[in-house]
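The values are calculated or read from the model by the stated rules, or taken from the named source; none is laboratory data. Since the model is a prediction, treat every value here as computed from it, not as a measurement. Quick reminder, even Gly has a Cβ in these numbers, built from the backbone with ideal geometry, and neighbours come from all protein chains shown. These accessible areas exclude ligands, DNA and RNA; they are computed on the full protein's heavy atoms, side chains included. Shrake-Rupley method; radii C 1.70, N 1.55, O 1.52, S 1.80 Å.
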Amino acid sequence: MHDGKRACLGFHTRASHIPGSDSAPHGATNTPLYLSSGFSSDSADDLAERFAGRRPGYIYSRISNPSVGALEQHFASLEEGRGAIACSSGMAAISTVIFSLCHSGDRIVAGSSLFGGTLLLFESLLRRMQIEVEYVDPGDTQLFARAAEGAAFCFVESIGNPKLDVVDIRAISEVCSNANTPLVVDSTLATPYAASGRSLGAHLTVHSTTKFVAGTGNTVGGLVVDTGLFDWRTSRDPDVADSARRFGRELGFLAFARRHVTRDTGNGMAAFDAFMQCTGLQTLGLRMERHCSNAHALAGFLEQHEIVESVNYPGLQSSPWHPIAARQFGRKCGALLTLRLGSGSRARRLIDALELSINTANLGDVRTMVIHPASTIYRDVNDRLREAAGVTDDLVRVSVGIEDVEDLKDDFDRALRRSAVE
């Protein structure tokens, strides 16, 4: 299937049909698992040309692998991007962007409501590397416009975790483009099913594929996608700009990141994880349909429950971010919701009383998962950043699975009534 025809097809069709599968060895209809650390070359000159980047081909699985390459190609097509790099985790994907675009003394602009793991990375390792992080309210486009000037890149989440605020990505993309600053969007919660990175105007997207792409909580990974919208010849990073002059404006970032960051840090994805995620990617759209519809129904049920103080879900009319979410994602507002119960003890009692939900730090599984963010993911985050992320002691984060939603409602109703008993 040629690229032009593929681009005209619907999401489910593109997700279920693997690019290049018609030329797989021996007529295989799925991506083969290549468990090989290295790959042979026909001659010494051939291998030298691969190392120089003048000839395509695989060298060593630390750099890339055919199974990994298949996932990269497939996911990039769903993001309508120029290409992708698969990493060992979502945090490794963010680190790949940092190592590619930042030097000591640089400044990053980040939305103030971020996932706890990202905040800890920014507040610990980046500070040690003398990279400044300036936090800006992602809902204030004018603040972003002023802060973006001279920054190495800007970073936001398409749907905040766990604040569930929805950023006007197109508006921020415009101000970043005017400042010649790349916009990096963590779109883990939205996934390409809700909207492709390119259609939103992101320059780079990062994803924790551990979540919805894998779908069943049995593998870990991350992806960086270049949407092709940024001219890397104009990059403030001289190495990336030089890479763009050598390999083309759309390939400058990808070529530098793979040749230096992936190769030199060893943070690439393992072949087995890529194989598992290629399988999960084929049903991403179907699962996300169910995740989104279940989350919307459960959020509506909890919003009316007399024991729940408040519910936050961008698909609800009551959400302050509903208008932006509806404009960007339609009814595809993701699987995450939060509820507040008035006290931390009641929040923890709810988690303990639930029977169908798994108490775990993961999300995006086919099974419903819950966590108390304040005492876990945000335990080591300072009060100022915790408050900006919307984390309170009475908050429960729910990653809604694909179970029968009536069973989830019954389980939450029983657990809420038990949690109300002191």
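Just give me the residues in region 92-101 being farther than 15 Å from His203 by Cα and crowded, with 20+ Cβ neighbours inside 10 Å, in sequence order.
Residues satisfying the conditions are Ala92, Ser95.
Mind checking which pairs have a first residue in region 154-175 that is over 13 Å from Gly139 (Cβ atoms) and a second that is at pLDDT below 95 and basic (Lys, Arg), Cβ under 7 Å, 6 or more apart or different chains?
Partner pairs satisfying both residue conditions: none exist.
Given the criteria closer than 23 Å to Ser37 by Cα and among the charged types (D, E, K, R), does Arg62 qualify?
yes
Which one is nearest to Glu123 (Cα to Cα) among residues in region 395-422 that are in a loop (DSSP other than H, G, I, E, B) and open to solvent by 10 Å² or more (accessible area, probe 1.4 Å)?
Ile402
Of everything in region 43-70 that's in contact (Cβ under 8 Å) with a residue 40 or more places away in the chain and not in a helix (DSSP H, G or I), which residue is least open to solvent (accessible area, probe 1.4 Å)?
Asn65
Consider region 37-59. How many of its residues are under 28 Å from the mean Cα position of the chain (by Cα) and at pLDDT 90 or above?
1
Under 9 Å by Cβ, and 6 or more places apart or on different chains, what pairs join a residue from region 234-246 that is within 19 Å of Gly150 (Cα to Cα) and free of Cβ contacts under 8 Å to residues at least 40 places away in the same chain with one that is outside any loop (DSSP other than H, G, I, E, B) and of a type in the set (Lys, Arg)?
Correct list of pairs: Ala241/Arg233.
Residue under question is Val381, and the condition is that it be modelled with pLDDT under 95, buried (at least 16 other Cβ atoms within 10 Å of the Cβ) and either among the hydrophobic types (A, V, I, L, M, F, W, C) or part of a loop (DSSP other than H, G, I, E, B) (or both); does it hold?
Against the criterion (modelled with pLDDT under 95, buried (at least 16 other Cβ atoms within 10 Å of the Cβ) and either among the hydrophobic types (A, V, I, L, M, F, W, C) or part of a loop (DSSP other than H, G, I, E, B) (or both)), Val381 qualifies.
I need every pair where a residue in region 270-284 that is within 17 Å of Gly38 (Cα to Cα) and of a type in the set (S, T, N, Q) has its Cβ under 7 Å from the Cβ of a residue that is modelled with pLDDT under 95 and crowded, with 24+ Cβ neighbours inside 10 Å, sequence separation at least 6 or different chains.
none
Looking at Ala361, Ala325, Ala388, can you tell me which residue is without any contact (Cβ under 8 Å) to a residue 24 or more places away in the chain and out of contact with any helix residue (DSSP H, G or I) (no Cβ under 7 Å at 6 or more places or on another chain)?
The unique qualifying residue is Ala361.
Please work out if Thr262 is within 19 Å of Gly81 (Cβ to Cβ), buried (at least 24 other Cβ atoms within 10 Å of the Cβ) and touching a Cys at 6+ places or on another chain (Cβ under 9 Å).
The answer is yes for Thr262.
Identify, please: which residue in region 151-193 is touching a Lys or Arg at 6+ places or on another chain (Cβ under 7 Å) and part of a loop (DSSP other than H, G, I, E, B) and is, among those, nearest to Val370 (Cα to Cα)?
So, considering only residues that are touching a Lys or Arg at 6+ places or on another chain (Cβ under 7 Å) and part of a loop (DSSP other than H, G, I, E, B), the one nearest to Val370 (Cα to Cα) is Pro162.
Mind listing whichever residues of region 21-42 are more than 22 Å from Ala93 (Cα to Cα), loosely packed, with under 13 Cβ neighbours inside 10 Å and not hydrophobic (A, V, I, L, M, F, W, C)?
Asp22, Ser23, Pro25, His26, Gly27, Thr29, Gly38, Ser40, Asp42, listed by residue number.
Which members of region 359-392 meet the condition of being of a type in the set (A, V, I, L, M) and more than 14 Å from Gly116 (Cα to Cα)?
Val366, Met369, Val370 - these are the residues of region 359-392 that are of a type in the set (A, V, I, L, M) and more than 14 Å from Gly116 (Cα to Cα).
Select, from Ser124, Ser89, the only residue that is open to solvent by 10 Å² or more (accessible area, probe 1.4 Å), of a type in the set (S, T, N, Q), out of contact with any Cys (no Cβ under 8 Å at 6 or more places or on another chain) and without any contact (Cβ under 8 Å) to a residue 60 or more places away in the chain.
Step by step, each of Ser124, Ser89 is checked, and only Ser124 is open to solvent by 10 Å² or more (accessible area, probe 1.4 Å), of a type in the set (S, T, N, Q), out of contact with any Cys (no Cβ under 8 Å at 6 or more places or on another chain) and without any contact (Cβ under 8 Å) to a residue 60 or more places away in the chain.
Can you name the residue in region 211-250 that is β-branched (Val, Ile, Thr), in contact with a helix residue (DSSP H, G or I) (Cβ under 6 Å, 6 or more places away or on another chain) and not in a strand (DSSP E or B) and is also nearest to Val261 (Cα to Cα) among such residues?
Ranking the candidates gives Val240 first.
Filter region 218-259 for residues that are of a type in the set (Val, Ile, Thr) and farther than 21 Å from Gly201 by Cα; which is surrounded by the most Cβ atoms within 10 Å (Cβ to Cβ)?
Val220
State all residues of region 107-148 that are over 15 Å from Asn382 (Cα atoms), modelled with pLDDT of 90 or more, touching a helix residue (DSSP H, G or I) at 6+ places or on another chain (Cβ under 9 Å) and part of a loop (DSSP other than H, G, I, E, B); if no residue qualifies, say none.
Scanning region 107-148 gives Met129, Ile131, Asp137.
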